[in-house]
Amino acid sequence: MRSIFRLLLLHGILSVALSTEPIVLVHGGAGNINDAQVPVAMYGVKTAARVGYETLKCGGSVLDAVQEAVRSMELNPQFNAGYGAVLTWEGKVEMDAAIMNGVDLNAGCVSVVRDIYHPIDLARRVMEKTRHKFLSGEGAMLFANEENFEILPEGALVTNKSQQALEDYKNSLNVTTQPLCCSDSNVGLCNCDIPQALSYSVLNDFLREFGSQGTVGAVAIDELGNLAAATSTGGITGKMPGRVGDSPILGAGTYADNEVGAISVTGHGETIMRYNVASRILGLIKYENMTAEEASAKVLNDMTERFEQSAGVISIDKSGTVGINFTSKRMSWAYQRGEELHYGADRDEDNVDIVGQPRLNALDLCV
């Protein structure tokens, strides 16, 4: 009799544990997404959400799911990550990424990464193969070589779109042929008469006129309630060499904790890291009993009011509630839950496709 009671109790515990409906939620960046870019961005985030969800349903972990979702966007030149990342002032690609496991709070972060397709893969390798959590620049690239990552020829990740964006930015400052003062290669060689190049008010004006490519990110929850988050970015057009944004900083642009929720942030990196956006959201969820949606909305509105800078957030709390919030003009996003694929870019937009069977061949990841 006692054994039967134990079995019934165990069945009840497992039923509760398996009651969470798996979700994979992605974003393709917040900003001034031009009308012409919206369909392409929608296709990219919808594909990424499906790739991540298929990974989960085929037996992968939540960590696998967010990694695969981000990988798909790193190969899409629509997005500011991997192939398609924006350029530094000198026309180079330097990328940041982070991935975090909510089960044990393990994480891997990289910054100033060059000439590899998938910075998110390198971030996960840092998490799993080193005693560290963050590698940057030369050290990150040495580790990538040791781990047999394919190192591409210099410039292989530069797209016509990113080159045009940099050219447009420099033209907007009338400094196309002038080197950026105070950059590593030009210290002492100019009289620093173009401080506007470092002005974010000028950059914001440029982005409003020409639009912006998006940082990418993903969060996921599985049927056991395990959470994970991942973010990958090329930064901002015309940035100084060595600049690091919020994306690889735990608690600013990326975080996951099974006891609270998972967050990926996009937007003005310098402001996001100053305001510690992810940590503030998780604090409201944990201590003020807010949902992911409520907490994200409050933190973003407070940040924008205080700093006059915009951002976007995707979040899932431990109960499986989804949060999709942005104070920018648009943010491309998508998530899959069951057969429903939700997506949008404008405020209060929520389109739904019924996915079902058969799977698209490109998404048939089960073996």
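The values are calculated or read from the model by the stated rules, or taken from the named source; none is laboratory data. Given the structure is predicted, the values throughout are model-derived calculations rather than measurements. When we count neighbours, we look across all protein chains shown, and the Cβ atoms used for this are built from the backbone with ideal geometry, even at glycine. All accessible areas refer to the heavy atoms of the entire protein, side chains included, with ligands and DNA or RNA removed. Shrake-Rupley method; radii C 1.70, N 1.55, O 1.52, S 1.80 Å.
Scanning segment 20-39 for residues that are under 15 Å from MET331 (Cβ atoms) and β-branched (Val, Ile, Thr), we see that the one that is nearest to the chain's Cα centre (by Cα) is VAL26.
Condition check ((1) within 18 Å of the chain's Cα centre (by Cα); (2) within 21 Å of ALA220 (Cα to Cα); (3) assigned to a loop (DSSP other than H, G, I, E, B)) across all residues:
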site	(1), (2), (3)
LEU63	yes, yes, no
SER72	yes, yes, no
VAL86	yes, no, yes
ARG124	yes, yes, no
PRO153	no, no, yes
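Between VAL86, VAL126, VAL103, VAL110, the distinction of being modelled with pLDDT of 95 or more, buried (at least 22 other Cβ atoms within 10 Å of the Cβ) and more than 15 Å from LEU142 (Cα to Cα) belongs to VAL86 only. What number goes with the only condition from (1) among the small types (Gly, Ala, Ser); (2) closer than 24 Å to LEU56 by Cβ; (3) surrounded by 18 or more Cβ atoms within 10 Å (Cβ to Cβ) that SER319 does not pass? The number of the failed condition is (3).
Residues checked against (1) under 23 Å from GLY269 (Cβ atoms); (2) among the charged types (D, E, K, R); (3) touching a Phe, Trp or Tyr at 6+ places or on another chain (Cβ under 7 Å):
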| residue | (1), (2), (3) |
| --- | --- |
| LYS92 | yes, yes, no |
| ALA97 | yes, no, no |
| GLY108 | yes, no, no |
| PHE143 | no, no, no |
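Remark: pairs (first residue in segment 144-157, at pLDDT 95 or above; second residue among the basic types (Lys, Arg); Cβ separation under 6 Å; 6+ apart in sequence or on different chains) = GLU147/ARG125. Out of all the residues in segment 328-336, is one or more free of Cβ contacts under 8 Å to residues at least 60 places away in the same chain and surrounded by fewer than 20 Cβ atoms within 10 Å (Cβ to Cβ)? Scanning segment 328-336 turns up no residue that is free of Cβ contacts under 8 Å to residues at least 60 places away in the same chain and surrounded by fewer than 20 Cβ atoms within 10 Å (Cβ to Cβ). Filtering segment 261-311 down to residues that are of a type in the set (Ser, Thr, Tyr) and assigned to a loop (DSSP other than H, G, I, E, B), which residue is nearest to THR20 (Cα to Cα)? My answer is THR291.
Every condition in (1) within 14 Å of THR215 (Cα to Cα); (2) open to solvent by less than 30 Å² (accessible area, probe 1.4 Å); (3) aliphatic (A, V, I, L, M) is met by VAL244 except one, and the failing one is (2). Condition check for ILE314 on (1) open to solvent by less than 30 Å² (accessible area, probe 1.4 Å); (2) not in a strand (DSSP E or B): one failure, at (2). Of the residues making up segment 283-302, those that are among the aliphatic types (A, V, I, L, M) and within 19 Å of the chain's Cα centre (by Cα) are ALA292, ALA295, ALA297, VAL299, LEU300.
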